[in-house]
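Participant: Next up is a structure, given as C-alpha cells.
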Amino acid sequence: MRKGVRTAIVGGVFVVMVGGAGYGAYNILSALHDPGTGGGAAAVRTGPPSGDEVKETTGKFFAAWEKGRATTAASYTNNAAEAGPLLTAYGTDAHITKVRITPGTATGTTVPFTVAATVSYDGKSEPLAYKSRLTVVRGRTTHRALVDWQPSVVHPQLRKGDTLVTGESADPPVEAVDRDGKVLTKDRYPSLGPLLDELRKRYGEKAGGTPGIELAIRHEDAEQADTSLLTLVKGKAGRLPTTLSAGAQAAAETAVLKYAESSVVAVKPSTGEVLAVANHRADGFNAAFLGELAPGSTMKIVSAATLIDNGITAADRPAPCPPTATWQSQTFSNLKGLAPDEHATLSDSFARSCNTAFVKFADEVKVDSLTREAQERFGLGRNDWKVGIPSFDGRVPASGGPDTAANLIGQGQVQMSPLNMASVTATAMTGTFRQPVVVPLRLDGREPAHARGLSAGTVQQLRAMMNRTATSGTAAGVMSGLSGRVGAKTGSAEVDGQTRSNSWFTGYRNDIAAAAMTQDGGHGVDAAGPIVAAVLRTGG
C-alpha cells in the first residue's frame with residue numbers, strides 16, 4: 001500500500017505544477033487586459049484580508065475541496081505545491097467521498113469548520129466526521145486573499161509530510177493489556193495513543209493479529225507508526241502484554257490534564273517496568289519518552305553521585321551555598337529568595353536546591369566526570385535502551401567551558417526526558433540500573449542495556465538527601481501526606497524565549513518512582529510536582 005501512495009503523490013505534484021503554470025498564465029493575461037483607468041494596473045490590496053475576502057476565499061476553497069478538484073482548491077492556498085498532493089490523496093489514496101464542509105463563525109481571519117464525508121473501500125463504507133480550522137492571509141506576491149496552508153487544514157492530526165491512506169492496515173491491530181490483564185484503549189487512556197500505535201507497528205504480527213481495513217495517517221518518517229483514524233473492517237487483534245498498570249495510568253492521565261504541555265512517566269524501581277506514561281500536549285508528541293530538554297536541578301541527583309563517587313565531598317561534608325558563583329566568566333545565581341549559607345553541607349544544599357554550591361565544585365570535577373557517571377552508573381546517554389518502543393536515552397556530553405558548571409545543575413548541554421529522570425530516581429533508590437521496559441523482554445528476546453549502578457554507600461547518601469528534600473526541603477509541600485519510604489528532587493530549567501522556566505520534579509514512594517516535566521510551568525513544585533505526587537499516591 002505504501003508504494004502505491006508514493007506514486008499517487010508524485011502524480012499529484014505534477015498536476016499541481018501544471019495547474020500552477022496555468023494560473024500564472026491567467027494572471028499575466030489579466031494584467032495585460034486590466035480594465036483599470038488608462039490601462040494601468042488595478043490597485044494592490046494590502047493589510048489583513050477583509051471579512052468579505054475571507055468569506056469569498058473560504059467559499060471557493062471549500063467548494064473545490066468538496067467536488068474533489070484538488071488543483072483548484074490548492075490554487076486558493078498560499079502553497080499550492082504542498083496543498084495539491086495532500087488534497088489529491090484525500091480523494092484518491094484515502095478514498096474519501098461525499099464531502100460536505102460547513103463553515104462556522106469566523107474570528108477575524110480564522111474560520112472553524114466541520115467536515116462530514118464517507119470513506120469507501122472495497123465495498124465497505126463508513127461515515128467520517130471531524131472539525132478543523134483555517135486562516136486566510138494576504139499573499140505576499142499576489143496580494144490575493146489565500147488560505148494559509150497547513151496540513152492540519154485537511155485534518156487536525158496531520159503534520160508536515162503526512163498523507164492520508166485507506167486500505168489494508170500496515171500492521172495488524174493489537175489488544176494491549178496491562179500487567180493484570182486489563183485492556184488498554186485510546187478511548188479510555190487518550191495519551192496512550194502514540195504508544196499503542198508504536199506497539200501495534202512493532203508487535204502486531206508477533207501478537208498474532210491479522211490486518212483490517214482503515215483510514216490512517218501515514219507519516220513522512222517511515223519509522224513512525226501509522227496513526228489510525230477510522231476502521232472500516234476490523235482485523236483480528238493480537239493480545240499484547242505490557243508492564244503498564246491501569247490504576248497508575250489512570251492517575252497519570254488525570255494529573256497531566258491539569259497542566260498544558262505536561263508529561264509524566266512512572267517506573268517500578270525493583271524491576272524497571274514502566275507503570276504509566278502520559279502526555280498532555282497540543283502536538284500529540286510522546287515527550288515522556290522522546291523529549292530532549294534540560295532537566296534543571298533534578299540532574300543534581302546524578303551530580304551529587306558524581307561528587308560522592310569521585311571523593312570530592314559527601315552528604316555530611318561541606319558544600320557552601322554563596323549568593324553567586326562564577327565559572328569561566330559566567331556567573332550563576334540561585335532561585336530568588338534562597339538565603340546563602342556558607343556553612344552548608346551537600347545534604348543542606350541538595351535539599352534547598354542551591355545552584356551555586358554545585359557550580360563551586362566545577363573546579364574539582366573533570367570535564368568528563370559527569371558524563372562517565374551518567375553512562376557507567378545510571379545507564380544514560382549510550383543510545384542502547386530497548387524499552388519496546390522508541391525512546392531517548394538522555395544526553396550528558398563532556399562539555400568544557402561554562403557548560404562544565406552548567407551541566408552540574410541540569411542546564412548547559414544536558415538533555416533528558418521524564419523517562420530518563422524516572423530511571424535516575426529508581427537507580428538512586430535501589431543502587432541498581434534496570435533499563436526501563438514497557439513490553440516484557442521475553443516477548444521478543446530483547447537484551448536490555450546494562451550499567452554497573454551505585455555503591456551501597458552512595459545509595460544511602462542519595463536516599464537520605466532525597467528523603468530530606470521530600471520531608472523538609474523544597475519538595476516538602478508537594479510530598480506532604482505520602483506515607484512509606486519517600487524521596488524527591490525539584491527542578492526548573494530556564495529556556496531561551498520562554499517567560500517561565502520548565503517545571504521538573506522526580507520522586508519515589510516505596511516501589512514506584514516517577515518524573516514529570518511541564519514546559520513553561522515555572523518551578524518544580526508549581527506543576528510537575530503535583531503530577532508526580534498524584535501518581536505516587538496510587539501505591540508502590
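Every read-out reported here was derived from the displayed coordinates using simple, explicitly stated rules and does not represent laboratory data. Because the structure is predicted, anything quoted here is derived from the model rather than measured. Backbone-built Cβ (ideal geometry, glycine too); neighbour counts: all protein chains shown.
Participant: Explain nothing, just the number: dipole magnitude of the chain about its Cα centre with +1 on each Lys and Arg Cβ and -1 on each Asp and Glu Cβ, in debye rounded to the nearest 20.
Facilitator: Once rounded to the nearest 20, the dipole reads 840 debye.
Participant: Using the eigenvalues of the Cα gyration tensor, what equivalent ellipsoid semi-axes result for the chain when each is taken as the square root of five times the eigenvalue, whole Å, largest first?
Facilitator: 50, 30, 19
Participant: Would you work out the Kirkwood radius for segment 48-152? I mean one over the mean of 1/r across all pairs of different Cα atoms, in Å.
Facilitator: 14.0
Participant: Same structure again: So, with +1 on the Cβ of K and R and -1 on the Cβ of D and E, and no other charges, what is the size of the charge dipole of segment 105-201 about its Cα centre, to the nearest 20 debye?
Facilitator: 640
Participant: Between 0 and 90 degrees, rounded to the nearest ten: what's the tilt of helix 80-91 against the longest Cα principal axis of the chain?
Facilitator: 80
Participant: Counting Lys and Arg as +1 and Asp and Glu as -1, what is the net charge of the other residues whose Cβ lies under 15 Å from the Cβ of Gly68?
Facilitator: It works out to a net charge of +3.
Participant: Along the Cα→Cβ direction, 7 angstrom out, place labels at Ala282 and Arg239. What is the inter-label distance in nm?
Facilitator: The modelled label-to-label distance comes out at 4.3 nm.
Participant: Turning to a different aspect of this structure: Quick query: amide H of Gly487 versus all other amide H atoms, modeled in the peptide plane; which residues come in under 5 Å with a sequence gap of 5 or more or a different chain?
Facilitator: Amide H neighbours of Gly487: Tyr508.
Participant: Taking the dipole about the Cα centre of the chain, with the C-beta of Lys and Arg at +1 and of Asp and Glu at -1, give me whichever of Leu370, Val115, Ala70 is farthest to the positive side.
Facilitator: After comparing all options, I get Val115.
Participant: Also: Around Thr427, under 12 Å between beta carbons, what's the net of Lys plus Arg minus Asp minus Glu among the other residues?
Facilitator: Summing Lys/Arg as +1 and Asp/Glu as -1 gives +2.
Participant: With θ taken as phi - 60° and the coefficients 6.51, -1.76 and 1.60, list the Karplus ³J(HN,Hα) couplings across segment 383-399 in order, rounded to whole Hz; mark glycine and proline as x.
Facilitator: 6, 10, 6, 10, 6, x, 9, x, 8, 8, 9, x, 9, 10, x, 7, 9
Participant: A further question follows. Starting from the Cα of Glu292, step 7 Å along the direction of its Cβ; do the same at Arg372; then give the gap between the two resulting points in nm.
Facilitator: According to this spin-label approximation, the distance is 2.6 nm.
Participant: Also: Could you please tell me the mean projected area of the C-alpha convex hull for segment 215-284, averaged over all directions and given in square nanometres to one decimal?
Facilitator: Computing the convex hull of the Cα atoms and averaging its projections yields 6.9 nm².
Participant: As an exercise, use a Förster radius of 35 Å and the Cβ-Cβ distance of Arg446 and Leu257 to find the FRET efficiency, rounded to the nearest 0.05.
Facilitator: The computed FRET efficiency comes out at 0.60.
Participant: Hey, another quick one. At q = 0.10, 0.14, 0.16 Å⁻¹, what log₁₀ I(q)/I(0) does a Debye calculation on the Cα points of segment 247-536 give, no solvent, two decimals?
Facilitator: With one equal scatterer per Cα and no solvent, log10 I(q)/I(0) is -0.44, -0.91, -1.23.
Participant: Can I ask one more? Extent of segment 385-540 along each principal axis, from alpha carbon coordinates, in Å, largest to smallest?
Facilitator: 46, 41, 31
Participant: Taking amide hydrogens as modeled 1.01 Å from N in the peptide plane, which residues meet the under 5 Å criterion relative to Gly272, leaving out close sequence neighbours?
Facilitator: none
Participant: So, in nm, how far is label Glu220 from label Asp496 when the simple model puts each one 7 Å beyond its Cα toward the Cβ?
Facilitator: With each label placed 7 Å out from Cα toward Cβ, I get 2.3 nm.
Participant: Toward the positive end of the charge dipole of the chain, about the Cα centre and with charges on Cβ (Lys, Arg +1; Asp, Glu -1), which of Ala207, Val437, Ala516 goes farthest?
Facilitator: Going by the charge dipole, the pick is Ala207.
Participant: Find the all-direction average of the projected area of the Cα convex hull for segment 174-242, expressing the result in square nanometres with one decimal place.
Facilitator: If I average the Cα hull's projected area over directions, I get 4.6 nm².
Participant: In addition: Just list whichever of Lys268/Lys386; Lys186/Lys234; Lys131/Lys236; Lys60/Lys131 have alpha carbons separated by over 21 Å in the model shown.
Facilitator: Result: Lys131/Lys236 exceed 21 Å.
Participant: Placing unit charges on C-beta atoms (Lys and Arg positive, Asp and Glu negative, everything else neutral), compute the dipole magnitude of segment 204-251 about its Cα centre in debye, rounded to 20.
Facilitator: Around 360 debye, computed over segment 204-251.
Participant: Please list, in chain and number order, the residues 5+ apart from Gly235 or on another chain whose amide H is under 5 Å from its amide H, with Hs placed from the backbone.
Facilitator: Here Gly212, Ile213 satisfy the definition.
Participant: To test your reading of the geometry: what angle, between 0 and 90 degrees and rounded to tens, separates the Cα axis of helix 2-32 from the longest principal axis of the chain?
Facilitator: The angle comes out near 60 degrees.
Participant: Additional query: Using only Cα atoms, what Kirkwood radius does segment 195-351 have, in angstroms?
Facilitator: 20.2
Participant: Please work out the FRET efficiency for the pair Arg382 and Lys60, using the Cβ-Cβ distance as r and a Förster radius of 60 Å; give the result to the nearest 0.05.
Facilitator: Details: r = 55 Å, r/R0 = 0.92.
My answer for the efficiency is 0.60.
Participant: OK, next. To the nearest 0.05, what FRET efficiency results for Ala81 and Glu205 with a Förster distance of 30 Å applied to their C-beta separation?
Facilitator: 0.20
Participant: In whole Hz, what ³J(HN,Hα) sequence does segment 59-67 give by Karplus (6.51, -1.76, 1.60; θ = phi - 60°), x for Gly and Pro?
Facilitator: x, 5, 4, 5, 5, 5, 4, 4, 7
Participant: What aspartates and glutamates could a cross-link reach from Lys160, if we take a straight Cα to Cα line under 14 Å and drop same-chain neighbours fewer than 8 places away?
Facilitator: Filter leaves Glu82, Asp148, Glu220, Asp221, Asp283.
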